[in-house]
Structure formats: structure tokens, C-alpha cells
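Right, one structure below, let's go through it.
The values are calculated or read from the model by the stated rules, or taken from the named source; none is laboratory data. Every value quoted in this text rests on a predicted model; they were computed, and no experiment measured them. With ideal geometry, Cβ positions are generated from the backbone for all residues, glycine too; neighbour counts draw on all protein chains shown. To get the accessible areas, we keep the full protein, side chains included, count just its heavy atoms, and leave off ligands, DNA and RNA. Shrake-Rupley method; radii C 1.70, N 1.55, O 1.52, S 1.80 Å.
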Amino acid sequence: MNAPIPRDIPLPLPAPEGLLEILLIVSFLVHIVFVHLMLGGSMFSLVCQIKGLKTPDYEKLAYRIMQTVTVNKSLAVVMGVAPLLIINTLYAPQFYASSALIGDMWMAVIPMVTLAFLLAYVHKFWWNHFINIPELHIGIAALETALFLFIPLIFMTNVNLMLFPEYWPQVKGFFSAMLLPNVLQRYLHFISAAVLFSSLFFVWWSGRKTFLQEVQFSKLRVIDVRRFFYAFAFGATIVQILTGLVVFVTLPAQGMSWRFTLLLMLGGSSALPAIWWMWQNLTSPGHLIDDNLKRIIACFACAAIIMGIARHDYRENALADHKTAIAEKTANYMAAVKEAGEHAQLDAKDQESKISAPGESAFNQNCAACHHATLPTVGPALQEIKEIYAGDSAGIVAWTKAPGKKRPDSMQMPGFVQLSDDELTAISQYILSH
Ligand code: HEC
């Protein structure tokens with residue numbers, strides 16, 4: 001693998017890995033449900049507002065839809081904290097690397113989310129202020145929706161880049177990461193899921209008993225509204241299947257496995273009966289079959305859960321080699337650190353024991369220039385001195401205070417009257433013990 005291998009900081013996980021993985025899948029699914037409702041709501045409010053220019057009842061519908069958006073967006077954000085933290089914990093080296101590589105745009109998520117929320121509140125709370133300037137109101141709704149649509153693209157680009165370290169060296173910022181071969185189709189798959197889930201939500205929402213009271217339509221019938229949403233749900237399902245196939249075919253091979261493929265087939269086929277039930281409700285004359293909605297939602301919930309598990313499966317497969325390589329590198333590094341630490345400790349001990357050898361430093365300062373351990377230099381070697389004075393440290397002290405003249409070839413050794421008896425005794429003992 002030609003991918004950069006960062007070194008990890010080997011900290012223990014705060015919980016067993018399997019538990020964190022289950023929490024990741026569950027919390028991500030909960031988060032994404034609200035993201036879908038927020039995105040879809042924002043899109044539907046915009047579409048209905050535009051339709052409302054011709055058919056005023058749709059403007060009333062747009063207003064009611066917008067009430068749901070601000071609630072769902074708050075839930076989406078709150079529920080997003082857990083999966084984000086778990087991703088950070090389980091995939092720290094990969095997620096850190098990909099976040100840094102798309103750094104500017106990743107940071108821009110915060111101001112963008114803030115702006116999108118403020119626009120959503122302006123859109124919703126000042127509805128009546130815009131009564132005479134619908135273009136401006138629609139403009140605000142469009143900007144809000146565009147931001148809501150763009151932010152998930154940043155997240156998707158990041159979690160996609162995280163999976164493929166081999167692309168890291170070539171990626172230059174957000175846009176090059178966004179244009180990697182498998183991002184945009186994944187994004188389309190995601191957007192069509194948002195349309196699908198929110199359409200079904202609004203089919204349910206517009207079927208509540210209090211709905212008609214809330215919207216106060218003058219002409220529009222509830223069944224028309226519900227069919228309007230059913231039509232979107234049906235269309236989005238078709239787009240889901242098509243984009244899903246493209247995503248599958250273009251996924252890089254390293255994450256593929258039989259388990260993953262089987263999960264996808266299972267997830268995909270569990271959604272299939274829903275198509276028939278949606279078709280029934282779109283085309284049946286007169287009334288809608290309410291039980292169909294429950295069945296449809298059950299089908300898609302199954303599909304979403306299975307796809308969520310499959311998604312995790314792919315991620316684990318895709319990163320398996322890289323994770324092993326990181327673990328290996330980190331282990332080697334830690335072993336090297338440990339060894340270096342041991343060396344440093346030994347060196348320190350060595351130093352200590354040398355310094356603590358009594359007389360050694362005084363010998364080095366005063367005598368070592370002329371007395372080598374084994375070779376005769378200016379004066380005789382310590383070996384020789386040891387032989388002459390075997391055990392007689394007082395003799396050495398006496399000589400050193402007032403050296404005589406023994407060896408004809410040697411110079412006169414200088415006397416050391418400046419050293420105390422204690423120091424000289426220590427030196428002489430050091431010489432004898434050497
Ligand atoms: C400037 C050089 C010099 C220094 C410094 C020096 N010595 Fe000497 N030392 C000599 C020489 C030269 C001799 C040989 C003298 C001779 O044989 O006449 C000698 C000989 C000795 C002898 C042998 C005496 C014997 O009976 O043969 C001892 C013991 C000795 N030195 C101890 C010391 C001690 C201890 C110190 C440090 C406190 C020291 N020396 C520092 C030059 C030096």
C-alpha cells in the first residue's frame with residue numbers, strides 16, 4: 001500500500017471497541033434521520049413556496065413545513081455529536097489526517113452551519129414580514145437550503161477521504177478531495193435518501209388529524225398533499241436504487257467483501273416491497289391505504305439499518321491494512337522509546353557511580369594529565385604505582401606531598417601541598433582500587 005502511515009498515540013479506548021462500534025452505527029442512524037428531515041423539510045418548504053406563487057395553499061403548506069425544519073435541525077445537530085466523537089475516537093489517525101487535508105472547508109462548517117440556522121430562523125419567524133417581497137423570502141429560503149445541502153457534502157468528502165489513505169498525498173484541499181472518484185455519486189445517493197425519508201415523514205405528518213386545522217387550506221385537499229409527497233418518495237426511491245448501484249460499482253475494491261455485498265443485497269431487497277405499496281397509494285382512486293405507510297416505513301427502516309451496518313463493514317475492511325500498519329509502526333516506535341529510555345537510565349546510573357567513586361574526580365583533575373591507567377606517560381602508569389604501593393595508601397599520600405626523584409628518565413613530579421590529607425587519601429585509595 002502506497003499510503004502515508006501516521007504514528008498513533010497509543011491511549012486506551014474509553015470503552016470496548018465493539019461497544020463503540022455499535023454505538024457509532026446506532027447514533028449515526030439516529031443523527032442521519034434528523035439530518036434527512038431537516039434537509040428534506042428545507043427543500044420541500046422552498047418548493048412549496050415557489051408553487052405557492054401560483055397556488056396560495058402551497059404557501060401555507062410551506063409555512064407549516066418550515067415549523068418542522070427548525071426542530072429537526074436542532075435534533076440533527078445534537079444527535080450528531082455522538083457519532084462524530086466516536087469516529088474521532090475509533091479512527092483518530094485517519095480522521096485527523098482527512099480533516100487536516102480539507103482543513104479550511106472543514107473549519108468553515110461552523111460559520112456555515114451558523115449562517116444556515118440564522119437564515120432558517122429568519123425564513124420561519126419573519127414569514128409575514130415578507131408577504132410583499134416573496135422574491136426575497138424565496139431567496140433566503142434558497143440560500144438556507146443550499147447551505148443545508150452543501151454542509152453534508154463536506155462531511156461526506158471528509159469521511160470518504162479518511163477511508164482511502166492512498167489518496168492523501170495527491171489531495172490538495174477540499175475540492176480535489178470532493179472530486180475523488182466515488183464522492184459525488186455517494187452524495188446523490190444521500191440526497192435522494194433525504195428526499196425519500198422526508199417525503200414519507202410528510203406523508204405521515206399531513207395525515208395527522210389536526211393537519212387540516214393547522215394549514216387552513218382554502219382549496220387544496222389533504223389527499224392531494226399526501227400524494228404530492230408520495231410522488232417524491234416514489235421518485236426518490238428510484239433515484240436511490242440507481243445511485244446505489246453506481247456507488248456500489250465505483251467503490252474502491254479494498255473495502256469489498258462478501259459480507260458487505262450480501263448486506264447490501266439484503267438491505268436493497270428489503271426496500272423493494274415498499275415500491276409496490278407506494279405505487280398503490282399513488283394510483284388508487286379515492287382514498288389512501290394508511291396501513292401501506294406503516295409497511296413502507298418498516299421496509300425502509302430495515303433497509304437503513306442494514307445499510308448502516310454494511311457501511312461500517314466497508315469502512316472496517318477498507319481500513320484494515322492501514323490500521324494494522326499504524327499499529328505496527330506505533331508499536332515499533334514505542335519499543336524504540338522504551339529502549340532509549342532504558343539506555344538513558346543506564347547512562348545516568350553509570351555517570352552516578354563514576355562520580356560517586358571517591359577520589360576519582362580529584363584524580364582526574366590533579367593527576368590524570370601525567371598518569372595513565374596502563375601506559376607510562378609523563379609519569380608511571382597507575383598499574384605500576386599499584387604494584388609498588390600495594391595496599392599502602394599512606395605511602396602514596398606521603399610521596400604526593402613531597403615527591404622524590406626515582407626514575408632517571410622522568411622529570412621531577414610536582415608536589416601537591418595544596419590538597420588536604422583527606423583528598424589525597426581518597427585519591428590514593430582510588431589509585432589502589434583502580
Ligand atoms: C606534571 C606531571 C605529574 C603530575 C600532575 C603528577 N605526577 Fe606523579 N609522577 C610524575 C613523574 C614524572 C613521576 C616519576 C618521578 C620519578 O620517578 O622520579 C611520578 C611518580 C608518581 C608516583 C610513584 C612514586 C614511586 O614511588 O615510584 C606516585 C605514587 C605518583 N606520582 C602519584 C601522583 C599523584 C597522586 C598525583 C596527583 C595528585 C600525581 N602523581 C601527579 C609526574 C606527575
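Place a +1 charge on the Cβ of each Lys and Arg in the range 17-336 and a -1 charge on the Cβ of each Asp and Glu, then give the dipole magnitude about the Cα centre in debye, rounded to the nearest 20.
800 debye
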Requested in this report: State the Cα centre-to-centre distance between the range 315-330 and the range 193-240 in whole Å.
Outcome: 45 Å
Report task. Report, ordered by chain and residue number, the lysines lying within cross-link reach of Lys329, taken as a straight Cα distance under 23 Å and ignoring same-chain residues fewer than 8 apart. Result -> Lys338
Report summary line: Note on the chain: contact order normalised by length, alpha-carbon pairs under 8 Å, 6 or more apart, percent, works out to 15 percent
Requested in this report: Please compute P(r) over all alpha-carbon pairs of the chain, binned at 10 Å starting from zero, and give each bin as a whole-number percent.
Outcome: 4, 16, 20, 15, 9, 5, 5, 6, 6, 6, 5, 3, 1, 0
Query raised in the report: Cross-link partners among lysines for Lys406, C-alpha distance below 22 Å, same-chain residues fewer than 8 apart left out?
Result: Lys386
Report summary line: Output ordering of 324-337, 63-76 (per-residue mean of other Cβ within 10 Å, highest first) is 63-76, 324-337
Query - Per residue accessible area in Å² of the range 17-336, where ligands, DNA and RNA are left out and the probe is 1.4 Å - result: 47 Å²
Requested in this report: Roll a 1.4 angstrom probe over the protein heavy atoms and tell me the percent of accessible area of the chain that is carbon or sulfur.
Outcome: 67 percent
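Two decimals, Cα atoms only, Kirkwood Rh: what is Rg/Rh over the range 101-215?
On the Cα set of the range 101-215, Rg over Rh gives 1.09.
Just from its helices, what would the mean residue ellipticity at 222 nm be for the chain, if runs of 4 or more DSSP H residues each count -39500 (n - 2.57) and the sum is divided by every residue, rounded to the nearest 500 deg cm²/dmol? Write out the running numbers ahead of the final one.
On the way: 15 runs with 326 residues, N = 434.
Taking each H run of at least 4 residues, the total per residue is -26000 deg cm²/dmol.
Once Rh is set to the Kirkwood radius over Cα pairs, what Stokes-Einstein translational diffusion coefficient, in µm²/s, holds for the range 360-433 at a temperature of 37 °C and a viscosity of 0.692 mPa s?
267 µm²/s
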Requested in this report: Pairs of lysines 8 or more apart, or on different chains, with alpha carbons under 19 Å: count those in the range 1-131, would you?
Outcome: 4
Report summary line: Sorted on mean Cβ neighbours within 10 Å (highest first), peptides 169-178, 267-276, 224-233, 7-16 come out as 224-233, 267-276, 169-178, 7-16
